[in-house]
Each structure stands twice: as structure tokens, then as C-alpha cells.
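Step one of this worksheet: look at the structure below.
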Amino acid sequence: DLKLNGKVSFLDAEVSGGSDLIAYDLTAIKAKVRASGGSDAKISVTSELEASANGGADIYYRGNPARVNKHSSGGSDITRKE
């Protein structure tokens, strides 16, 4: 598991092989996140999100980005959380 906090202009993250990214306390203006192989990514994004999940991986995001581009397959989900 990897836990992050703070603020960034751009987050580029890839998680795989059952790993977890816990970054609700890291606020990103823009984020590109890829998750696979049963991994979970939890992020906060304010402006723009590009998310891809496959192989049973899940991506959860907080915030209300104006632009969201998401693709999921193979039992994966990309879900906005409050």
C-alpha cells in the first residue's frame, strides 16, 4: 500500500498486482490513473481525470472534475465518491 498527501498539479499513477494507492489526502488538479490486477486506487482530483481500470481493479475518486475520461473492463469499476 502507498499513502500520499499534499497538493500536486498533475498525478500520474499506475497500480497493479493487488497493490493499493490511497491518495484521498493528495489533491491533484489533473490526474491520469491506471489500475489492473485487483488493485485499488483512491484519489482526489479537481479539474481533469483520465482513468483506466481492468482485471478486477477499482478506481475511486473524490472531487468534481469538469472533464472525466474513464474506461473500465473485466469486472473493474471507476466510481466517484463523496
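Read-outs throughout are calculated quantities, based only on the coordinates presented, and are distinct from any laboratory measurement. What you see is a predicted model; the values in this text were computed from it and never measured. For neighbour counting, all protein chains shown are included, and Cβ atoms are generated from backbone atoms with ideal geometry for every residue, glycine included.
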Those residues of the stretch 16-51 which are farther than 18 Å from G74 by Cβ and among the basic types (K, R) amount to K30, K32, K42
Residues that are in a loop (DSSP other than H, G, I, E, B) and over 18 Å from K7 (Cβ atoms): does the stretch 40-53 have at least one? no
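Which one is nearest to G18 (Cα to Cα), of the residues in the stretch 69-82 that are of a type in the set (D, E, K, R) and surrounded by 12 or more Cβ atoms within 10 Å (Cβ to Cβ)?
D77
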Taking the stretch 29-68 and keeping only residues that are within 20 Å of E82 (Cβ to Cβ), of a type in the set (G, A, S) and surrounded by 17 or more Cβ atoms within 10 Å (Cβ to Cβ), one is left with A31, A41, S44, A51, A53, G63
